[in-house]
1. Take the stretch 99-131 and flag every residue that is out of contact with any strand residue (DSSP E or B) (no Cβ under 9 Å at 6 or more places or on another chain), in a helix (DSSP H, G or I) and not aromatic (Phe, Trp, Tyr).
2. Kindly check whether there is at least one residue in the stretch 63-80 that is hydrophobic (A, V, I, L, M, F, W, C), in contact (Cβ under 8 Å) with a residue 60 or more places away in the chain and either under 18 Å from SER28 (Cα atoms) or not in a loop (DSSP other than H, G, I, E, B) (or both).
3. If you go through the stretch 90-100 one residue at a time, do you hit one that is buried (at least 22 other Cβ atoms within 10 Å of the Cβ), hydrophobic (A, V, I, L, M, F, W, C) and closer than 21 Å to ALA203 by Cα?
4. If you take the residues in the stretch 162-200 that are of a type in the set (Phe, Trp, Tyr) and touching a helix residue (DSSP H, G or I) at 6+ places or on another chain (Cβ under 7 Å), which one is modelled with the lowest pLDDT?
5. Quick one: is ARG47 buried (at least 21 other Cβ atoms within 10 Å of the Cβ), at pLDDT 95 or above and of a type in the set (D, E, K, R)?
6. If I filter the stretch 81-98 down to residues being assigned to a helix (DSSP H, G or I) and touching a residue at least 24 places away in the same chain (Cβ under 8 Å), which single residue comes out as farthest from LYS30 (Cα to Cα)?
7. Which residues, counting only those in the stretch 5-31, are over 22 Å from the mean Cα position of the chain (by Cα) and acidic (Asp, Glu)?
8. Considering every residue within the stretch 201-217, establish whether at least one is under 30 Å from GLU117 (Cβ atoms), surrounded by fewer than 22 Cβ atoms within 10 Å (Cβ to Cβ), touching a helix residue (DSSP H, G or I) at 6+ places or on another chain (Cβ under 6 Å) and of a type outside the set (Ser, Thr, Tyr).
Amino acid sequence: MTTSQHRIGSGFDARTTAREVLRGIDLSGKLALVTGGYSGLGLETTRALANAGARVVVPARRPAEAEAALAGISGTEVGELDLADLASVETFARRFLGSGRPIDLMIANAGIMAAPERRVGPGWESHFAINHLGHFALVNHLWSALSASGGARVVVVSSAGHHSSPMRWDDVQFERGYDKWLAYGQAKTANVLFTVQLDALGAEHGIRAFSLHPGAILTPLQRHLRREEMVGFGWIDEHGDQADPDFKSPEQGAATQVWAATSPRLEGMGGLYCEDCDVAEIALEEGEWVGVRPYAIDAGEAARLWQVSAGLTGVSSRT
């Protein structure tokens, strides 16, 4: 099997920042949409894109909080959107489409990690619903705006956490025993598979898609973890300060998604998983949590997930 899932020698690395990725790139006249673009990596992503000249739309579950966080960053606007509520997703998309603007860059950055068991919508497991199904519905609702760009990129923030679980086709919603890390892992695998099929369906319409692992970073994403857990993992010390020297800063953590969304080196490519501002290698061995697992980029699995997601959400621009 031939594959483009190999490093391309981008010239960047794990310590590259979002600002460095965009050096020399002018995004004036481009419109970007960044879910969760007002907190953690999303905020740094919004800042970097706006500073490079893009108009950045930030869908937010808490619009007032988003407005406050984005104050001082010119070229941004906020819209109300709750990824756990498909009616909210549709309402946001309808309002955006009413503006008649094409979308050049879309970064699906919002998500949850290791949350307690919670059911949303018609009883869906929250990681799968928020991290994957909400974004699946949003992209499909916005298909016409993405295709109107003539060269849009959709970037979905996954994680090395996908190494912990493939798709659990016999129990996608964790109805037979809940594990917060496996639920997160499956959702992150879904993020990767989504971009594989999205790219396969969207390429002829000028829509290319990528997924990525941003790296380990201390952000509000860890809000569901107890301090004792993070101390046990070696992420922080007993005072709450970062203890792991391999952790990235938020600006470094935002770099790979910004690179995937804007790099000229990725022209004509798509359906790839990235890390450390480069295309990742395929991880054939278990245990390293580096690169992408074969099951997460399997075309058959990707097509199956698309069909399942379309059936669950009732939304699909392409079959």
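The values are calculated or read from the model by the stated rules, or taken from the named source; none is laboratory data. Computed from a predicted model, the values in this text were never measured in an experiment. Methodologically, a virtual Cβ is constructed for each residue, glycine included, from the backbone with ideal geometry; neighbour enumeration extends over all protein chains shown.
1. HIS127
2. No, the stretch 63-80 contains no residue that is hydrophobic (A, V, I, L, M, F, W, C), in contact (Cβ under 8 Å) with a residue 60 or more places away in the chain and either under 18 Å from SER28 (Cα atoms) or not in a loop (DSSP other than H, G, I, E, B) (or both).
3. Scanning the stretch 90-100 turns up no residue that is buried (at least 22 other Cβ atoms within 10 Å of the Cβ), hydrophobic (A, V, I, L, M, F, W, C) and closer than 21 Å to ALA203 by Cα.
4. Of all residues in the stretch 162-200, those of a type in the set (Phe, Trp, Tyr) come to 169, 174, 178, 181, 184, 194.
From what's left, touching a helix residue (DSSP H, G or I) at 6+ places or on another chain (Cβ under 7 Å): 174, 181, 184, 194.
Details: PHE174: 97, TRP181: 91, TYR184: 94, PHE194: 98.
Per the stated criteria, the residue is TRP181.
5. Considered against the rule, which asks whether it is buried (at least 21 other Cβ atoms within 10 Å of the Cβ), at pLDDT 95 or above and of a type in the set (D, E, K, R), ARG47 comes out as yes.
6. As a first pass, look at the stretch 81-98 and keep what is assigned to a helix (DSSP H, G or I): 86-98.
Next cut, touching a residue at least 24 places away in the same chain (Cβ under 8 Å) only: 86, 89-90, 92-94, 96-97.
Numbers: LEU86: 27, VAL89: 23, GLU90: 23, PHE92: 20, ALA93: 18, ARG94: 20, PHE96: 15, LEU97: 16 Å.
Selected residue: LEU86.
7. ASP26
8. yes
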